[in-house]
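Below: one structure, written as structure tokens.
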Amino acid sequence: LAKTTQPISMDSYEGQEVNITCSHNNIATNDYITWYQQFPSQGPRFIIQGYKTKVTNEVASLFIPADRKSSTLSLPRVSLSDTAVYYCLVGVTGGYNKLIFGAGTRLAVHP
Amino acid sequence: GAVVSQHPSWVICKSGTSVKIECRSLDFQATTMFWYRQFPKQSLMLMATSNEGSKATYEQGVEKDKFLINHASLTLSTLTVTSAHPEDSSFYICSASTQGFGTEAFFGQGTRLTVV
């Protein structure tokens, strides 16, 4: 399972775009990159998943360079409700494949 | 999307007693479920993999006799914390994935256990 490195914390203001970068130098060929969001006293919530290039959904974009050794989660125009911990996970997902969480990035959005 | 539900959301028990936490996949079958624990301000730590119809696989350092896992059906896994002590107080979270390569994992809402 590839180890991931993210900033421990980030601060932003409402309306700004937030980019959180995750390093995963030992990513394997079959690994996906998945981001989860967690609010206090709740289970993690899936945000986005990708394998290469760029993935976009209604809440975020995920940018993955060609070497796949890093990835960037982009949150457009954050609001106070985006204050949470964001986890970058790398591995094979689905079925019996376990997910190992790193430390995550604690994002604080200020008024 | 798929939903994973945990029960109870919170529980307070006396030291020495046992507590059972249920994890259900509501609209899909899960042959494998996972149990995590999370201490305040820390990340999720994988405790064990729950396999339907067979023994659970525990991560290193997790006491299998203390954290009993039963996965008797394709939609239900239970975690029993036996002889609970205050240091077992934590946030317990389960997850499950639908079958298929690359599918996402769904997490329950978590169970806050407080041992007094």
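Inside segment A:78-111, residues that are among the basic types (Lys, Arg) and either modelled with pLDDT of 95 or more or touching a Pro at 6+ places or on another chain (Cβ under 7 Å) (or both) make up a count of 1.
Yes/no matrix, rows are residues, columns are (1) farther than 25 Å from residue A:6 by Cβ; (2) within 10 Å of the chain's Cα centre (by Cα):
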position: B:9; (1), (2): yes, no
position: B:35; (1), (2): no, yes
position: B:40; (1), (2): no, no
position: B:63; (1), (2): yes, no
position: B:78; (1), (2): yes, yes
position: B:85; (1), (2): yes, no
position: B:89; (1), (2): yes, no
position: B:94; (1), (2): no, yes
position: B:115; (1), (2): yes, no
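Table: residues versus (1) surrounded by fewer than 13 Cβ atoms within 10 Å (Cβ to Cβ); (2) among the basic types (Lys, Arg).
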| residue | (1), (2) |
| --- | --- |
| A:40 | yes, no |
| A:55 | no, no |
| A:81 | yes, no |
| A:106 | no, yes |
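Looking at A:73, A:99, just one residue is in a strand (DSSP E or B) and either within 14 Å of another protein chain (Cβ to nearest Cβ) or in contact with a Phe, Trp or Tyr (Cβ under 7 Å, 6 or more places away or on another chain) (or both), and that residue is A:73. Of the residues making up segment B:31-46, those that are more than 9 Å from chain A (Cβ to nearest Cβ) and surrounded by 24 or more Cβ atoms within 10 Å (Cβ to Cβ) are B:33, B:35.
Only one of the listed residues (A:56, A:72) is more than 30 Å from residue B:7 (Cβ to Cβ), within 12 Å of the chain's Cα centre (by Cα) and modelled with pLDDT of 95 or more. That residue is A:72. Consider segment B:70-106 and keep the residues that are without any contact (Cβ under 8 Å) to a residue 40 or more places away in the chain and more than 14 Å from every other protein chain (Cβ to nearest Cβ). The one that is nearest to residue A:38 (Cα to Cα) is B:88. For segment A:15-44, which positions are within 11 Å of chain B (Cβ to nearest Cβ) and not hydrophobic (A, V, I, L, M, F, W, C)? Of everything in segment A:15-44, those that are within 11 Å of chain B (Cβ to nearest Cβ) and not hydrophobic (A, V, I, L, M, F, W, C) turn out to be A:30, A:31, A:32, A:34, A:36, A:37, A:38, A:40, A:41, A:42, A:43, A:44. Condition check for residue A:107 on (1) of a type in the set (A, V, I, L, M); (2) assigned to a strand (DSSP E or B); (3) free of Cβ contacts under 8 Å to residues at least 24 places away in the same chain: one failure, at (3). Of all the residues in segment B:86-106, those that are within 12 Å of residue B:37 (Cα to Cα) and either modelled with pLDDT under 95 or assigned to a loop (DSSP other than H, G, I, E, B) (or both) number 2.
Only one of the numbered conditions (1) closer than 30 Å to residue B:7 by Cα; (2) more than 13 Å from chain B (Cβ to nearest Cβ); (3) in contact with a Leu (Cβ under 8 Å, 6 or more places away or on another chain) is violated by residue A:80, and that is (3). Taking the criterion of being of a type outside the set (S, T, N, Q), closer than 30 Å to residue B:8 by Cβ and assigned to a loop (DSSP other than H, G, I, E, B), the residues of segment A:27-43 that qualify are A:39, A:40, A:43. Put simply, of B:19, B:11, B:3 the only residue that is modelled with pLDDT under 95, under 19 Å from residue A:41 (Cβ atoms) and not hydroxyl-bearing (Ser, Thr, Tyr) is B:3. Considering every residue within segment A:12-26, establish whether at least one is among the aliphatic types (A, V, I, L, M) and either within 28 Å of residue B:29 (Cα to Cα) or part of a loop (DSSP other than H, G, I, E, B) (or both). No, there is no match, as no residue in segment A:12-26 is among the aliphatic types (A, V, I, L, M) and either within 28 Å of residue B:29 (Cα to Cα) or part of a loop (DSSP other than H, G, I, E, B) (or both).
The values are calculated or read from the model by the stated rules, or taken from the named source; none is laboratory data. Quick caveat: nothing in here was measured; it's all calculated off a predicted structure. Counting neighbours? That spans all protein chains shown, and the Cβs are built from the backbone with ideal geometry, glycine included.
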